[in-house]
Amino acid sequence: MPVRKIPKNHLCVTGKFASRKNGQMGGFESLLEKEYMLLMDFDDMVEGFEEQPVNIPLPGVAKGYTPDLLVRFRPDPVTGCVRPPLLTEVKHSDDLKKYAEKYAPKFAAATLYVLERGWDFGITTEKEIRTPRLANIKFLREYRNINPSENDCARIIALTRATDGTVSLPRLLAELALTDEDQLYWMPVVWNMVLTKRLIVDLDCAISDGVILNLPEGLS
């Protein structure tokens, strides 16, 4: 449960983020923070995350310091090792430079705080957040309310399996759609299947018309 309520702010974007992973609404106090939550919500290695998770005492500061998020991780599927929880502050790099003196004691206190608990502390900026992966996830989320039939999904899976579990989008559409109208029907189905991970794409490369689709391990 958050230790601090996020107040309304007329200088930056605040609001609620609906996390599928956490199964609840979470608060954010910047657009960058919301985008980071979106990345975490779609990351298979993340078990869950909590906003405004802890309050760290800070000399001379009555309210102390509350970092933005605590991210917890799942065991590595190969090694079984679990990455320590990450306590992180989400900030624009320009903001970090401008207010470096103000942030220094907060970050120093957080570094000591996590050391005592076996966690990690880090700063997350737009450089790590605003990536092709984020753009792809934003695109795919537009198809989250599509409810394709199981027959349609089964047909796509069968066609992809017939090409050894890997197929380009143009080739798949050529098998599915005879007309432009057919393509308009099938495209949302394909993107919903990517969003729900029934089809896999490389999210670190910009999704294009020629994207390569793969079946998850165990289905190919």
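The values are calculated or read from the model by the stated rules, or taken from the named source; none is laboratory data. All values derive from a computational prediction rather than experimental measurement. With ideal geometry, Cβ positions are generated from the backbone for all residues, glycine too; neighbour counts draw on all protein chains shown.
Residues that are at pLDDT below 95, more than 24 Å from the chain's Cα centre (by Cα), surrounded by 14 or more Cβ atoms within 10 Å (Cβ to Cβ) and of a type in the set (A, V, I, L, M, F, W, C) occur at least once in segment 56-65. Of the residues Val194, Val211, the single one that is surrounded by 16 or more Cβ atoms within 10 Å (Cβ to Cβ) and within 15 Å of the chain's Cα centre (by Cα) is Val194.
Just one residue in the set Leu184, Leu178 is assigned to a loop (DSSP other than H, G, I, E, B), hydrophobic (A, V, I, L, M, F, W, C), at negative phi and out of contact with any helix residue (DSSP H, G or I) (no Cβ under 9 Å at 6 or more places or on another chain); that residue is Leu178. In the set (1) farther than 29 Å from Val90 by Cβ; (2) loosely packed, with under 14 Cβ neighbours inside 10 Å; (3) modelled with pLDDT of 95 or more; (4) among the acidic types (Asp, Glu), the condition left unmet by Glu181 is number (3). When segment 113-165 is limited to residues that are surrounded by 14 or more Cβ atoms within 10 Å (Cβ to Cβ) and polar (S, T, N, Q), the one that is farthest from Glu33 (Cα to Cα) turns out to be Thr163. Put simply, of Val90, Val71 the only residue that is surrounded by 16 or more Cβ atoms within 10 Å (Cβ to Cβ), farther than 19 Å from Val61 by Cβ and in contact (Cβ under 8 Å) with a residue 60 or more places away in the chain is Val90. Could you tell me whether any residue of segment 16-36 is out of contact with any helix residue (DSSP H, G or I) (no Cβ under 6 Å at 6 or more places or on another chain), crowded, with 19+ Cβ neighbours inside 10 Å, under 20 Å from Val194 (Cα atoms) and at pLDDT below 95? No.
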